[in-house]
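Input: a single structure, listed below in structure tokens.
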Amino acid sequence: AKQQGGGRFCFHTEAMSAAAAEKLHRHIALENAVQGQGFELYYQPQVDLRSQQVIGVEVLLRWPQPDGSVQLPGAFIPLAEQSKLIVPLGEWVLQQACAQLQRWRTQGQLTWKVSVNVSAQQWMAPDFVRQVKDALQQSGLPPECLVLEVTESQVISRPTVARGVLAALQALAVEVSLDDFGMGYANLSQLALMSFQQLKLDRSLVALMATDRRYETLVRHTISLARELGVSVVGEGVETLQQQELLTRCGCAVGQGFLFGQPAPASAYLAR
Ligand code: C2E
Ligand code: CA
Ligand code: CA
Ligand code: CA
């Protein structure tokens with residue numbers, strides 16, 4: 001549909017490719033879901049590798065469909081980013097995540113933290129820090145319980161803005177985690193240049209270290225470097241006991257992955 005002057009629409013869908021029509025359809029569905037809050041948050045446990053206790057959860061967004069299926073972020077986050085819908089969507093995620101953790105805290109889980117993924121556009125939005133403050137205030141969640149996960153590319157693309165946001169979050173006592181660590185190029189220097197409180201070893205590294213001694217060495221030294229810089233380390237995508245043991249031996253304190261639990265709705269945690 002092509003917009004003309006005066007807000008009138010001229011439909012000529014026959015001229016529109018099937019792909020473009022599908023994209024428009026998906027965009028409208030996504031916009032409706034953002035407005036109607038038709039999303040669901042899943043939570044995946046993060047586990048202390050020594051005590052095997054849950055110490056936190058990562059929030060992973062899901063989009064339930066009318067046919068009962070559930071869409072993974074890979075299927076809609078890119079579109080949400082292209083269309084800027086990620087900003088209101090991300091704010092909703094932040095609010096819901098803080099409220100849910102505060103609910104769990106009142107039920108006795110006082111040691112848990114909640115980790116929330118943040119897209120570049122959200123992070124760079126002028127009112128992002130205000131959004132974080134609001135989510136904390138509205139939920140009553142202590143700022144020390146919130147961890148924001150960002151990726152390296154987000155920080156590299158606009159380092160000055162990123163550093164300002166990091167400083168503002170630090171002043172609030174909110175933690176920032178460098179996600180998917182180990183897959184880019186300038187990772188190690190990012191650790192020194194920016195003050196992250198946590199890094200998450202990408203699951204490809206966790207998998208490789210179990211099959212290749214050189215990766216084990218790389219991971220062990222990364223963890224000891226992180227420790228010297230005061231940065232905590234979470235191993236991602238832990239699927240096997242062997243990976244868990246290797247990570248522990250390399251000094252990694254926290255693990256996350258199918259070995260400890262799949263992402264699940266909040267209601268699934270009541271049964272634990
Ligand atoms: P991520 O932040 O790296 O999240 C971890 C992904 O690995 C999740 O995929 C999770 O389900 C999956 N995973 C966890 N344990 C294992 C394991 O042991 N093995 C394997 N093979 N996979 C495991 P998911 O839920 O499909 O999310 C994909 C990505 O979408 C996330 O990657 C994150 O970058 C993004 N995402 C998820 N939720 C949000 C959100 O609320 N906002 C934004 N901006 N991005 C989100
Ligand atoms: Ca993440
Ligand atoms: Ca990750
Ligand atoms: Ca990722």
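Between 108, 56, 237, the residue with the greatest mean-square fluctuation in the GNM of the chain (Cα pairs under 10 Å linked by springs) is 108. Counting pairwise Cα distances across region 124-272, what percent come out greater than 20 angstrom? Value for region 124-272 (Cα pairs over 20 Å): 53 percent. Under a Gaussian network description of the chain, with springs only between Cα atoms under 10 Å, the residue in 257, 182, 68 that fluctuates furthest is 68.
Compute the Rg to Rh ratio over region 189-272 from the alpha carbon atoms, using the Kirkwood formula for Rh, and round to two decimal places. Please report the intermediate quantities before stating the final value.
On the way: Rg = 13.9 Å, Rh = 13.5 Å.
Expressed as Rg/Rh, it is 1.03.
Of the residues 58, 22, 239, the one that moves most in a GNM of the chain with alpha-carbon contacts below 10 Å is 22. The ellipsoid that matches the Cα gyration tensor of region 83-169 has semi-axes, each √(5λ) in whole angstrom, of 24, 13, 11, with the longest given first.
Quickly estimate the mean residue ellipticity at 222 nm for the chain, helices only: each DSSP H run with n ≥ 4 gives -39500 (n - 2.57), and the total goes over all residues, rounded to 500. Can you show the working numbers first?
On the way: 11 runs with 122 residues, N = 272.
The per-residue figure over the chain is -13500 deg cm²/dmol.
State the antiparallel share, in %, of DSSP beta bridges confined to region 38-134, rounding to the nearest 5. Bridges in region 38-134 that DSSP calls antiparallel: roughly 70 percent.
What is the antiparallel percent of DSSP beta bridges lying wholly in the chain, to the nearest 5? If you can, show how the numbers build up before the last one.
Values: 17 of 39 bridges.
Taking every DSSP beta bridge with both residues in the chain, the antiparallel ones total about 45 percent.
Compactness of the chain, taken as the C-alpha radius of gyration over 2.2 N^0.38 Å, stands at 1.09.
Total lysine pairs in the chain at Cα distances under 30 Å, for residues eight or more apart or on different chains: 9.
Based on alpha carbons, the Rg and Dmax found for region 46-121 are 14.8, 43 Å.
Every number in this text was worked out from the coordinates using simple rules, so none of it is lab data. Predicted model, so just to flag it, every value in this text is computed and none were measured.
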